[in-house]
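Working notes, beginning with the structure itself.
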Amino acid sequence: MRLQRSPALAAVLILITCVCAFYTTAAINIPLEIEQLPTITAQPPSSLIAFPFDESFPMTCEAKGNPRPEFRWTKNGQEFNHSVDPRLMKEENSGTFVIPNNGNLTEYQGTYRCYASNTLGTAVSQDVEFIVSNEPKFPKETLDPVKVDEGQPFILKCDPPTGIPPLQIYWMTISMQHIEQDERVSVGLNGDLYFSHAMEKDSRTDYCCFASFPRIRTIVQKTAMSVHVKPTIAILERRPSLLTPPGVQSEKQLVKGDDLELECIPGGIPTPKVEWAKMGLELPDGAEVENHGKLLIIPRADQKDSGKYMCKAKNPLGEAVHYFTVTVEEPPEWVSEPRSQLSMIGTDVLIKCSARGTPEPSITWRVNGVPLKDSPAANRRIFDDTIIIRNAKASDSAVYQCEASNRHGSLLSNANIMIRNLPPMILTKDGEGYFAVESRGVTLHCNAFSSPPSTITWSKEDSSETVEGSRFKIHDNGSLEISRAEKSDAGQYTCLAKNTEGSSNIDAMLYVKDATRIVVTPEDQQILKGSEAQLSCLAEYDESFSHDFELVWEKDDIELSFNDTVNLRYFVEDSVLHIVNVSHGDQGVYRCVARTPVDQDEASALLMVLDVPDAPENLVLSEHRGRSVKLTWIPGDDHNSSITDFIIEYEENKWEMGKWRELLRVSRNQNSAVLRLHGHVEYRFRVYGVNSVGAGPPSKPTEMYRTPPAAPDKNPENIKIEGHLPHEMDINWEPLLPIEHNGPGLEYKVSYRRQDVEEEWTEHTVKRHSFVVKNTPTFVPYEIKVQTKNNQGWGPEPRIVSGYSGEDFPSTAPDDVAVEVMNSSVVKVTWTPVHKDKLRGHLGGYRINWWRLRSLVDSKKRHGDKHMLTFPGDRNHATVPGLTPFSEYSLIVMTFNGRGNGPGSHPINFKTPEGVPEKNPVFRVTDVQRHSVSLTWTPPSEPNGILTGYLLEYQLVNGTEEVGALQTIDINNPKTSKWVLRDLEPLSKYKLYLRSCTTKGCGPVVSEECTTDLETSLASVHGGISTQGWFIGLMCAIALLTLIVLIACFVNRNKGGKYSVKEKEDLHPDVESQGMNDDTFCEYSDNDEKPLKGSQHSLSREIKAGDSGDSLVDYGDEDAQFNEDGSFIGEYGPRKEKRVSAEIKAPVQTPA
């Protein structure tokens, strides 16, 4: 029913619209607890094709509502009771049924619609067409042969059967060979095969049209057709004509989104060319021309592609034209789709439905599935595309259907119109707890349903006042949003929903927690394969979540599990992810997620695994040109480290089979190289890449490549001319490697001649790599060249090298040899060089021989070892170091060449001046007392002059950083070898220094350390230990031993008492047996002579100075000899007993 709109009516409609907008809601979602109209939730597609290979075909229809909806179906507009058909499968409380593919489906073919109804109304699904596909078949027929004159156009009809699109046409022979298509022969959109003009080669008896239906997996074949082309004597040219489409003009209609396809297939001789144009405009962007120019395609056409198009077929005799009028139409599309509404009783309700399309869609209204005219209502009116329900009542609740349709399709929409007054119903659970993170937002929900809509307020902690502030916002859906939550926001909140019908409220509890934050983030890493990667991740979080916090690791968005056997190489320790034995599969993005029940933080890092390059692949040899070939390859993965070089290696199977050698190195940006090869060799090649990590594995070898034999490419290198004998010249060279022979029969041609002399080359051919020229003058220059040859020919022209024949010993010695003394150990030697004519060879240099005749300290001559220094090159002077001072030497000078030394010069004698002495080999502390120290030493082995005395120095050190002043004693008697230092501090550490001196100065120092003694009385010792039991026992044992010794001595004295020496020995007991010098605590600084440390103290400390033993002087032998330890060597009559007697005397400041 359509009415003409008046201006007054329009004004009323606008007013009603404003009022309804105030009281209605759109896209309502009513809780199922509330009585409501049915709503379709699932329905079938607009068409359902029964493919023969499908097992069943579901007709879906689901709906919700309160009361629960009941379902019914119509088929082709008639009631269809699917529940009574035993072949159909049904579902409980559902409108869905399933058609099984187990019989004749044709009876189910038709258009279906589902209805879902309850006591309030009925919802309707869209139409669904159930299509049963019949097997497409060509009719069985007998086709007459097509007879055509040569040069005439003709068409072979296909007329494919109908079936489920898409349809694909193929023209082939009985043997399944495609009919070749070109500008003359082509297949049209209708499947026919067009020939622009017949040719004799078109005659055949097996033209077959095949129709393919991919969706039903079927291909059918038409009966083979026969064509006979009758040849003509002369083929006349013809102007173009269009075999399709017929006429001059045609119309083309299509639906928006489909491909526009326009076709012009011409006939004529020569074969016409086809051109396309759009009248008044250029062809649209994306337009394509196919089928040799005969087909114009515009993909996904829309309204702008409508218009007039022209095709023109041309050849030299003329042209043919056809015009297409193209109209792009559209199926219906919603402009204003009706919306479900919940309105209050007594309000006016507007339901608007409008659609567009080409042609313009028609609008059909239904209420509860019944046409509007069959369900009248006094308070309902239609204004064009709008229904108005005035002063709506609860009984006006219904489901309104609006359907827009044109010839290209239809649209159906259900709008649930609910007229109710309802008190608020809060759908959010009461007592819900919310967790917020400090400084972040949180939303507390209060989803309320009511009619009219409720007013929502929020309060906190039983306060009647609404929460206020810039951080608080109540949304239209009732939710309370709190921005930048604070700890003080925690607590209980109350949501109150209120309208004219009543009110309702719920409570919500808010907890505010500290934010979770990652403080140590993982960092990007590049790590070598096989090593261990470590990614750190440390997070801070609210302490209340200590049992709910988790740290999760993800790799490439997949969580890592550490409890299975797959990831044994992954483990986490102290917030660090360890990846052991890293492999290529470990590369990726690792994300650390720190998570609590309320929030989370995450950080990620890229782990790149570095490795040597993979082996290159697909090695191919091409461009074979005898001794060169081109090698190409595909580089392997560089594993995150750019390849710097490719190394090409070769293996040959004749000389060094199984050994690979480098042939060529190319840069990283090359994947091919031309290889220059030797002749008469069978090669295999391989390639490997190098990056910063190292060299990768080699590729698989290529197939064998054999090069033909050729003349040598090179001559020998490193030619050496030597003369081991005076009248011979040895010529040696570095032989060619076997692989460099380039073929069999390698020989060397040796050519030589005197230099600067007009004479011919003397030539010899040898197989070895050396040649000796006999009977040559001594040391004469020659020119030599060596050239290679093999069975294929001579090598390149050799270069000439120069050399000399054999050398002989120099014939004369240097003249005018002189010596200049530089200091006590260095002299400078000068001479006149030997003339080159006397050298008789290559000058090697000069040699100086020298030897020491004697020391000037004594007059005895002794011939020392000879020494020699070599000075290469042509020179007339040299320096001889390392001489002993205060000595007499002799030297000679000679020259030498490659053969050997020449005669020596006349010996020259010279003397070195005095120097400073060497260090004293022995310097010891022999006795230490409370205030004095006794010293002994030996003279230097090499005084390097006449000794004038010694320099003795000492200072107090005491083991502290500060040391005492250095005290110096000049000893002017060179024969002095003992000294006593007096007036020293008791129990103090001293550093002692000694140097020997000549008139040139004092030599290197030798040092000693010593600690003075602390005098202790025997009484004080006895007083401390005499009462100890162990001491009493020890004294008894000593008394017993002393008694035994006295008895032994008495017996011994009776046996030899008549000897005066024996008496003296008895009076002066052997001090050495009493532990002489055991009380000395010294350290000798010279590494060669260090006394033992920590030796036990002797009991001689208890002997008083006045009771000391005799000195060695008592024996009356001042020239006595001493052992290395300082002991005296002497004889006492025939008994030959050796004794040492020492005396501990009071120190005096005099020589010892």
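For the reader, a short list of remarks on this structure follows.
- Every listed requirement among (1) in contact with a Leu (Cβ under 8 Å, 6 or more places away or on another chain); (2) within 20 Å of LEU189 (Cα to Cα); (3) open to solvent by less than 40 Å² (accessible area, probe 1.4 Å) is met by PRO332 save one, (2).
- Restricting the range 76-93 to residues that are within 14 Å of TYR112 (Cβ to Cβ) and part of a strand (DSSP E or B), the residue that is least open to solvent (accessible area, probe 1.4 Å): PHE80
- Scanning the range 104-113 for residues that are assigned to a loop (DSSP other than H, G, I, E, B) and either of a type in the set (D, E, K, R) or open to solvent by less than 50 Å² (accessible area, probe 1.4 Å) (or both) gives a single hit, LEU105.
- Which numbered condition SER463 fails, given (1) open to solvent by 60 Å² or more (accessible area, probe 1.4 Å); (2) closer than 27 Å to ASP514 by Cβ; (3) in a loop (DSSP other than H, G, I, E, B): (1)
- Cross-chain or 6+ apart pairs with Cβ under 6 Å, the range 41-57 first and in contact (Cβ under 8 Å) with a residue 12 or more places away in the chain, then open to solvent by 80 Å² or more (accessible area, probe 1.4 Å): SER47/GLU129
- Candidates VAL757, VAL801: the one that is over 30 Å from ILE908 (Cα atoms), over 60 Å from the mean Cα position of the chain (by Cα) and not assigned by the TED database to the domain that holds ARG661 is VAL757.
Residue by residue, here is whether (1) within 29 Å of GLY318 (Cβ to Cβ); (2) in a strand (DSSP E or B) holds:
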site	(1), (2)
SER175	no, no
GLU183	yes, no
ASN190	yes, no
TYR194	yes, yes
SER212	no, yes
ILE219	no, yes
THR223	no, no
VAL227	yes, yes
ILE233	yes, no
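- Residues being buried (at least 23 other Cβ atoms within 10 Å of the Cβ) and closer than 30 Å to TRP458 by Cβ - total across the range 410-423: 1
- ILE164 more than 25 Å from GLU135 (Cβ to Cβ) and either at pLDDT below 95 or charged (D, E, K, R) (or both): no
- Those strands (runs of 3 or more DSSP E) of the range 489-570 in which at least 2 residues are closer than 30 Å to SER450 by Cα, considering only elements entirely within it, cover 491-499, 502-513.
- Subset of the range 658-694 (residues that are of a type in the set (D, E, K, R) and more than 23 Å from LEU737 (Cβ to Cβ)): ARG668
- Near pairs, Cβ below 8 angstrom, 6+ apart or cross-chain, from the range 637-663 (free of Cβ contacts under 8 Å to residues at least 12 places away in the same chain) to any residue that is part of a strand (DSSP E or B) and acidic (Asp, Glu): MET657/GLU651; GLY658/GLU651; LYS659/GLU651
- Pairing residues of the range 684-699 that are over 14 Å from ASP611 (Cα atoms) with residues that are aromatic (Phe, Trp, Tyr) and open to solvent by less than 20 Å² (accessible area, probe 1.4 Å), at Cβ distances under 7 Å and at least 6 apart in sequence or on separate chains, gives VAL687/TRP633; VAL687/PHE646; SER699/TRP633.
- Selected residue [among the hydrophobic types (A, V, I, L, M, F, W, C), closer than 30 Å to ASP258 by Cα, open to solvent by 50 Å² or more (accessible area, probe 1.4 Å) and not assigned by the TED database to the domain that holds PRO453] from ILE345, ILE363: ILE363
- Selection from the range 687-706 of residues that are within 21 Å of ARG676 (Cα to Cα) and part of a strand (DSSP E or B): VAL687, TYR688, GLY689, TYR705, ARG706
- Test: residue in the range 400-409 that is assigned to a strand (DSSP E or B), under 60 Å from the mean Cα position of the chain (by Cα) and either surrounded by fewer than 19 Cβ atoms within 10 Å (Cβ to Cβ) or among the acidic types (Asp, Glu) (or both): yes
- Candidate set from the range 966-976 (those that are free of Cβ contacts under 8 Å to residues at least 60 places away in the same chain and either open to solvent by less than 70 Å² (accessible area, probe 1.4 Å) or acidic (Asp, Glu) (or both)); member that is farthest from PRO939 (Cα to Cα): ILE969
- Considering residues of the range 624-638 that are assigned to a loop (DSSP other than H, G, I, E, B) and on the phi < 0 side of the Ramachandran plot only, the residue most open to solvent (accessible area, probe 1.4 Å): ARG625
- Those strands (runs of 3 or more DSSP E) of the range 785-872 that lie entirely within it include none in which at least 3 residues are touching a helix residue (DSSP H, G or I) at 6+ places or on another chain (Cβ under 7 Å) and open to solvent by less than 20 Å² (accessible area, probe 1.4 Å).
The values are calculated or read from the model by the stated rules, or taken from the named source; none is laboratory data. None of the values given here were measured: they were computed from a predicted structure. Please note: Cβ atoms are built from the backbone with ideal geometry, for glycine as well, and neighbour counts cover all protein chains shown. The area values use the complete protein model at the heavy-atom level, side chains included, leaving out ligands, DNA and RNA. Shrake-Rupley method; radii C 1.70, N 1.55, O 1.52, S 1.80 Å.
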